[in-house]
């Protein structure tokens, strides 16, 4: 059965991008500006119920001392706030992401080991490599702490002040895998309290969690071979997700279906679904299992047993229509692995096996019609451009294919036997 599908989180991502686009072009309404008492900063409602910390034209966070000037600045440009220019841009995946995460991890390790000069060197290199770390991470706080412990209170004051005036979160989204490590900003807020207390020459004890080690990771797109859902998808879809499926069946009749995908723990997910075309109705169930995933997400191994039950009223095979009332139960498994060479390039390989296959077809009891599902293998290279979106090229059951892969949905072209391949596999 050929199926076309718009994954739920893809739909959510598109809505978020569209919302962000319109927000970047829309007028900022002063009455909707939020003042956060705890941080003493101003924010604005953003996509997906997220708040966006406001910044002025100098990239400073908006606080009570510069709020009036910010409003004057906004009035001069008719309140056209440039959201896209004042938020971290992390959708594009780069090998540089791992390098800055490695520098950050090395700096934290140095601080925990009391090697503050070494920490400053790593943080200085990180700043030069990714200047926006000042805005979208706690790098200036770590620098301030390293200077403080080295006895340089003047530079500590400068870095702590930078942290309070510019930093909007603890972990940059370009530290892949850590977008939700401080989801509610609690550590970042505690760091603000510490920095503010130091500047007021008030004694305060730092939380050891400020310097929690991180593991530089590869960002894997959800449902690529070898992997289930990535950490961001898990954080955004705790109650699971519903997927609308559109496509065609064996007779090229229109199929409408629904799928549900839910994470049940570190290893097991569940993926039930229902499809109907009028002539064929199918209920299926898959249990994707993440049997192995390396700590840095470089390699993954997934095993997905599945089963489906199809009821047929009629079927067209080789331009011949067969009318019969019969049900078929079939089962099988899909095994896949993935390996990242660098952040943007990975190898994905999979094999799908059906009980009723070409060597063991199901034969209809009433019409002597043979039905089977082709076992299939796929070995491809994936070039990950954006979060959730990849180009792919490789071999599918002996044929050369190339196309795109988008969170479980493949749209590719069969080069060996010319034709379009539309595939949506959540497992």
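The values are calculated or read from the model by the stated rules, or taken from the named source; none is laboratory data. Computed from a prediction, not measured in an experiment: that's the story for all the values here. Neighbour counts run over all protein chains shown; Cβ positions are idealised from the backbone, glycine included.
For segment 217-250, which positions are more than 17 Å from residue 287 (Cα to Cα) and modelled with pLDDT of 90 or more?
Once the filter is applied, which keeps residues that are more than 17 Å from residue 287 (Cα to Cα) and modelled with pLDDT of 90 or more, segment 217-250 yields 217, 218, 219, 220, 221.
Suppose we filter segment 64-101 for residues that are touching a strand residue (DSSP E or B) at 6+ places or on another chain (Cβ under 7 Å) and surrounded by fewer than 17 Cβ atoms within 10 Å (Cβ to Cβ); how many remain? Reasoning before the result, please.
As a first pass, look at segment 64-101 and keep what is touching a strand residue (DSSP E or B) at 6+ places or on another chain (Cβ under 7 Å): 67, 83, 86-87, 91-93.
If we keep only those that are surrounded by fewer than 17 Cβ atoms within 10 Å (Cβ to Cβ) as well, we get 67, 91-92.
Looking only at that region, the number is 3.
Kindly indicate the residue of segment 387-401 that is over 27 Å from residue 261 (Cα atoms) and part of a strand (DSSP E or B) and also farthest from the chain's Cα centre (by Cα) among those meeting that condition.
399
Of all residues being within 24 Å of residue 178 (Cβ to Cβ) and in a loop (DSSP other than H, G, I, E, B) in segment 265-287, which is modelled with the highest pLDDT? Just the residue, please.
Result: 267.
Need the failing condition index for residue 190 against (1) over 30 Å from residue 344 (Cβ atoms); (2) in contact with a helix residue (DSSP H, G or I) (Cβ under 7 Å, 6 or more places away or on another chain), just the number.
Just one mismatch for residue 190, condition (2).
If we only count helices (runs of 4 or more DSSP H) wholly inside segment 123-210, which ones have 1 or more residues that are more than 32 Å from the chain's Cα centre (by Cα) and either modelled with pLDDT of 95 or more or outside the structural domain of residue 386 (by TED's automatic domain parsing) (or both)?
139-149, 153-166, 186-199
Search segment 402-427 for residues being farther than 24 Å from residue 271 by Cβ and part of a strand (DSSP E or B), and hand back the single one that is farthest from the chain's Cα centre (by Cα). Step through it out loud before you land on a result.
Quick first cut of segment 402-427, residues farther than 24 Å from residue 271 by Cβ only: 402, 413-420.
Checking the rest, the ones that are also part of a strand (DSSP E or B) come to 402, 413-414, 419-420.
On the way: 402: 23, 413: 26, 414: 28, 419: 30, 420: 27 Å.
If we take residues in segment 402-427 being farther than 24 Å from residue 271 by Cβ and part of a strand (DSSP E or B), then 419 is farthest from the chain's Cα centre (by Cα).
Determine which member of the set 255, 244 is surrounded by 16 or more Cβ atoms within 10 Å (Cβ to Cβ) and in a strand (DSSP E or B).
Values: 244 fails: surrounded by 16 or more Cβ atoms within 10 Å (Cβ to Cβ).
Going through 255, 244 in turn, just one is surrounded by 16 or more Cβ atoms within 10 Å (Cβ to Cβ) and in a strand (DSSP E or B): 255.
Mind listing whichever residues of segment 338-374 are closer than 30 Å to residue 98 by Cα and either in contact with a helix residue (DSSP H, G or I) (Cβ under 6 Å, 6 or more places away or on another chain) or not in a strand (DSSP E or B) (or both)?
The initial filter retains those residues of segment 338-374 that are closer than 30 Å to residue 98 by Cα, namely 338-350.
Within segment 338-374, 341, 342, 343, 344 meet the criteria.
Check every one of the strands (runs of 3 or more DSSP E) wholly within segment 1-82 and list those with 2 or more residues that are at pLDDT 55 or above.
The strands (runs of 3 or more DSSP E) meeting that bar are 34-36, 41-45, 51-53.
When you check residue 384 against the structure, is it touching a residue at least 12 places away in the same chain (Cβ under 8 Å) and within 16 Å of the chain's Cα centre (by Cα), yes or no?
Numbers: touching a residue at least 12 places away in the same chain (Cβ under 8 Å): yes; within 16 Å of the chain's Cα centre (by Cα): yes.
So residue 384 passes the test.
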